[in-house]
Amino acid sequence: MKSKIYTVSPSEVGKASLPVPVEFYKENPHWKNANLQIEVLSDNTLLVRLVNEDEEDDRDEEEKNPMMMRMFLDFLWDEVMKDPSKLVTYTEEMKAEADKLLEGVTLDWDEDCDE
């Protein structure tokens, strides 16, 4: 089942919108006139994304298969809830090791595999 993503422009904010404290916009002024995308993950969970014009092209690539991202995030959340002590900080050393392992690796993405 593909989830629906709702796009909200700044002119629509305030029309039957979710309440956001004024302090939020003071501390995060880049959200004040931002385009938003809202995805319903479950009956009590929404994913709200800030979409800058610069990022919209990058988001197109990510949104080709939002279900995979959702499944991955659900898996991570389940693991964290089972045992929060398993969380570790991602370090520069871990990044360097991953970069070394992936050095020279190229992916050939088959567009027919999107579904």
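The values are calculated or read from the model by the stated rules, or taken from the named source; none is laboratory data. All figures in this text were calculated on a predicted structure; none of them were measured in a lab. Heads up, the Cβs are rebuilt from the backbone with ideal geometry, glycines too, and the neighbour counts pull from every protein chain shown.
In the stretch 45-61, the condition of being part of a loop (DSSP other than H, G, I, E, B), basic (Lys, Arg) and either in contact with a helix residue (DSSP H, G or I) (Cβ under 6 Å, 6 or more places away or on another chain) or at pLDDT below 80 (or both) is met by no residue.
Residue 20 meets the conditions (1) in contact with a helix residue (DSSP H, G or I) (Cβ under 9 Å, 6 or more places away or on another chain); (2) modelled with pLDDT of 75 or more; (3) closer than 26 Å to residue 4 by Cβ in every case but one. The failed one is (2).
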